[in-house]
Amino acid sequence: MATTAHVHAHAAPQGFIRKYIFSLDHKVIGLQYYFLALTAVFVGMFLSLLMRIHLIWPTAQLPLIGEIKPETYLSLLTMHGTIMVFFVLTTAPQGGFGNYFLPIQIGAPDMAFPVLNMLSFWTTFVAFLVLIAAFFVAGGAPLHGWTGYAPLSALSNSGPGEQLGADLWITSIALFCVASLMGALNFITTTLDLRAKGMTLMRLPLTVWAWFITAILGLLAFGVLLSAGILLLLDRNLGTSFYVPLVVVNGQLMGHKGGSPLLWQHLFWFFGHPEVYIAILPGMGVASQLLSTFSRKPIFGYRAMVYAIVAIGLLGFMVWGHHMFMSGMSPYSAFAFSLMTMSIGVPSAIKTFNWLGTLWGAKIRLHSPMLFAIGFVSLFVSGGLSGPFLAQPVLDIPLHDTYFVVGHFHLIMGVAAIFGIFGATYYWFPKMFGRMMDENLARIHFVITLVGTYAIFMPMHYLGMAGQTRRYSQFTEVAYQTKLLPLQTFMSYAAFITIGAQLIFLFNLFWSMWKGAKASDNPWEATTLEWTTATPPPHDNFGGLTPVVNHGPYEYNVPGVSKDYVMQTDPASAPAH
Amino acid sequence: MADVAVQHSVPAAYEPSLFGTYSKKIGMWLFLLSDSLTFGALLYAYSYGRISTPNWPTPFHSSSIMNATFMTAFLLTSSLTMVLAVRASVFGHMKAVRGWLLATMACGAAFVVLHGREWSHLISEGLTLPVFPAVPGAETSKEFADVTKTVPQFPATFFGLTAMHMLHVTLGVVYLGVVALRRTFVPILLGLWLVAWLATPAYSPFHYGAHVLLIAAVVVSIILWLKPKVYDSSDIEVAGLYWHFVDLVWMFIFPLVYLMSTRII
Amino acid sequence: MDRVQIAIAERVAEQHRHHGKAQFFWVWGVLLVITGIEVYLGYQNMEPVRMLSILMALSIVKAALIIGYFMHMKFELSRMKWITMCSLVFCLAMMCVFFPDAFRIIKYGVR
């Protein structure tokens, strides 16, 4: 039976700095990532608040900030996108929850490379500071959008934010690439090497599968963005012209010639599309986990779910061109990309149907994590349905530069992934902090956020079909667009309320950390390994031991067992699923 | 719930590694996969520029090609000495390991020096980037100056790709130096930095590029003093993987950048 | 964790001991010869695309030799071989999709 021995690569640290700042413990690093993302999401949300205010009251005098100028609107848009995509959607689910729970869920004492893990967090942190610094330098933050399209991003005199701000932006992205590479290879190696006895690939929780595939996507995608960024830095600072053709700015001929802006778009979206899946896949994993746990049913079609994740990862590398139908790309490639993009609907639909199959006929426990998981499915379907429209060049061309696209990607990539993060927070909070979050506040938070989200992003589809252009800072001056202003006003008010509701979450989070009800080791009666250990888990996760896994991850209501769930570590004598 | 039953066995009981080898090696392989995509993207960017530019110049004289061929031979030989180091390490011949590693580093350093000479030569001939300061008193050849003027993509891709590769070689030499000599290597590295910095004239890009060695020395010292350890055969194998990868990348840069731009007499 | 790692490393080292030195010298020789052929080809007056395909084919052979023997990939588990190499080749092959656009610039002109 249980024998203790030294299994951990590094001893429990002493002292505040080793324990909480430069900690090698994946759990502390996970929390660091989580709180970095939490800071980032509030910064990003504040920027969107300013944008929504500017859209309906373009000349409003705001306290401290003053009047938002049209070019500032573009800076806000760029920074909102960059912060949200990189420092929230990539950082929280993968760096935060993945770091905290991937080793525990596979029965490992820590990540395979703890030092690399620490470096990866601190590099991300520095990248965030560098990005935020762009607000405070001469000229302000860049205005080339989170996609940094050249030649706008490659010429330092193409706009007010394109001086030092744009250099800082690229530096931040490059640092983030390096950090993500370190994180990704750590995740992959850990999953390959440190699974506890009995934790075969087909017994991995779907969260682990999602984090694993996400890490592979990150490993292969971020390297390409890194070299794209290096070339962009060369263009900006060494006078090369990889991305810049012969171009005239303000009547002045630039010294560049012979480059191709399309090259940037190709390199960027070669990374950019996998990035979309890096954001959403962990959410899918969490949703699967929560739906199964709170339906008290095994996940419907576990193997199909795994293959669907792998298929989505694979297809994710073959569809980047659908972001470029408007760019003058070869129509033959556009056709191929269109076909591949629509075929992504197949694994996505498999996942959706399996989630619905899991819910079907179940005695659902509607705790707050489950609410968010159901919200995730709802948003994923609503956002996903507009995907096939955008996948076809003929439909994409009129819709691409309108609010239709904004609505589409906010629903499916933005808010759906955020719902995954919320669900994960409510679900794992007891394990992380040993206390429960307040259920009533969580429900209020859920209702306002779900309704608010739809109120903000659904009308965008109609705005887009009516021809309202995206990236414009003011609609008051354009005759055919002013008619749509009432809808914009409605969306802005919805956004104010939804953003306000996030303060409930923030309050609940911090209040529960100190004052919440004490949580037991397994408050949700779930089956995976993190619920077998103490709350919060000890330094090496299992107190010097390595669990032995005898069961699949989702064995709920197994016939012939008195309890309605079988833990993964329960003795093998219990009938296998 | 309180009735959680955890069955534990003896520690260190894990599923066998999916790739059947130790974690460090898998980690290095994964890094190399990602880095080959970084280089791959650069090479694709180069090819893209080349395809979309009519009349791509082919200015490299036989002296350049000769030089690059020697560089290639040095790299290939360094790969050979590297595998011999790995082989010696699995037999525990640590003295031989050190010798082979030093030979590898010497070949790598020769590569960098030859390449640096080539760069300086091309820059003084007029194949240059706008950011490089003019070489005082140099006679630019009309041919290279024309290339720089008409097809700026040519020097941009040439210097971009080879600089990236040279950086990898330099860091590889530092890496091997750490594995072979540990703390003894830090003063050597600082000496190399001083030589590289002071021996190059102020207009040379290497005058500033040399500071890479200083940064490397600082990082290396931090690693060596915070995490001192004796490097065993697995560390040498992992370092070898990195070194061979650097060699591998050159096998694509050499034909693409040099041989495809040969001036045929 | 450490003990497992050391055990695997020992096994890998054992595996290495079975390879003779001669094999590495052979590979080195072949690589040098291929390099020589490439340089020779560089001086043949050939149509660029044709020359490119020959040079790239030779480079891929060289890369395979380096990966296979020097980097020891030939002797790894087939699972590792296939997963790593396929994902790499797949991603690099996908990037060929960039090229139709590069050709279009020449064909339709930007000047």
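The values are calculated or read from the model by the stated rules, or taken from the named source; none is laboratory data. Nothing here was measured: the structure is a model prediction, and the numbers come from that model. As a convention, Cβ positions derive from the backbone with ideal geometry for all residues, glycine included, and neighbour counts pool all protein chains shown.
Laid out as a table, the results:
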{"quantity": "Condition met for A:Asp540 (within 14 Å of chain B (Cβ to nearest Cβ) and surrounded by fewer than 18 Cβ atoms within 10 Å (Cβ to Cβ))", "calculated": "no"}
{"quantity": "Search result, residues across the stretch B:238-265 that are of a type in the set (D, E, K, R) and over 17 Å from the mean Cα position of the chain (by Cα)", "calculated": "B:Arg263"}
{"quantity": "Flag if B:Phe158 is in contact with a helix residue (DSSP H, G or I) (Cβ under 9 Å, 6 or more places away or on another chain) and crowded, with 21+ Cβ neighbours inside 10 Å", "calculated": "yes"}
{"quantity": "Test for A:Thr546: is it touching a Phe, Trp or Tyr at 6+ places or on another chain (Cβ under 8 Å) and within 14 Å of chain B (Cβ to nearest Cβ)", "calculated": "yes"}
{"quantity": "Residue, farthest from C:Phe98 (Cα to Cα), within the stretch A:213-228, restricted to residues that are within 7 Å of another protein chain (Cβ to nearest Cβ) and small (Gly, Ala, Ser)", "calculated": "A:Gly223"}
{"quantity": "From B:Leu181, B:Leu122, B:Leu171, residue being modelled with pLDDT of 95 or more, assigned to a helix (DSSP H, G or I) and aliphatic (A, V, I, L, M)", "calculated": "B:Leu171"}
{"quantity": "Subset tally (residues that are within 14 Å of another protein chain (Cβ to nearest Cβ) and either more than 16 Å from A:Leu238 (Cα to Cα) or modelled with pLDDT of 90 or more (or both)) for the stretch B:128-141", "calculated": "0"}
{"quantity": "Restricting the stretch A:543-577 to residues that are hydrophobic (A, V, I, L, M, F, W, C) and at pLDDT 90 or above, the residue that is farthest from A:Pro298 (Cα to Cα)", "calculated": "A:Val548"}
{"quantity": "Extreme residue, farthest from the other protein chains (Cβ to nearest Cβ), among residues of the stretch C:71-93 that are outside any helix (DSSP H, G or I) and at negative phi", "calculated": "C:Glu76"}
{"quantity": "Members of the stretch A:499-509 that are under 22 Å from the mean Cα position of the chain (by Cα) and among the aromatic types (Phe, Trp, Tyr)", "calculated": "A:Phe505"}
{"quantity": "Single residue of B:Leu259, B:Leu241, B:Leu213, B:Leu192 found to be surrounded by 17 or more Cβ atoms within 10 Å (Cβ to Cβ) and in contact with a strand residue (DSSP E or B) (Cβ under 9 Å, 6 or more places away or on another chain)", "calculated": "B:Leu259"}
{"quantity": "Single residue of A:Ala519, A:Ala534 found to be touching a residue at least 40 places away in the same chain (Cβ under 8 Å), within 14 Å of chain B (Cβ to nearest Cβ) and surrounded by fewer than 23 Cβ atoms within 10 Å (Cβ to Cβ)", "calculated": "A:Ala519"}
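Okay, residues lined up against (1) closer than 27 Å to B:Lys142 by Cβ; (2) assigned to a loop (DSSP other than H, G, I, E, B); (3) modelled with pLDDT of 90 or more:
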site	(1), (2), (3)
B:Ala12	no, yes, no
B:Thr38	no, no, yes
B:Trp56	yes, yes, no
B:Thr81	no, no, yes
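Each row is one residue, and each column tells you yes or no for (1) among the aliphatic types (A, V, I, L, M); (2) within 30 Å of A:Ala519 (Cβ to Cβ); (3) in contact with a Pro (Cβ under 9 Å, 6 or more places away or on another chain); (4) surrounded by 20 or more Cβ atoms within 10 Å (Cβ to Cβ).
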site: A:Ala349; (1), (2), (3), (4): yes, no, no, no
site: A:Leu359; (1), (2), (3), (4): yes, yes, no, no
site: A:Phe372; (1), (2), (3), (4): no, yes, no, yes
site: A:Tyr403; (1), (2), (3), (4): no, no, yes, yes
site: A:Gly407; (1), (2), (3), (4): no, no, yes, yes
site: A:Val415; (1), (2), (3), (4): yes, yes, no, yes
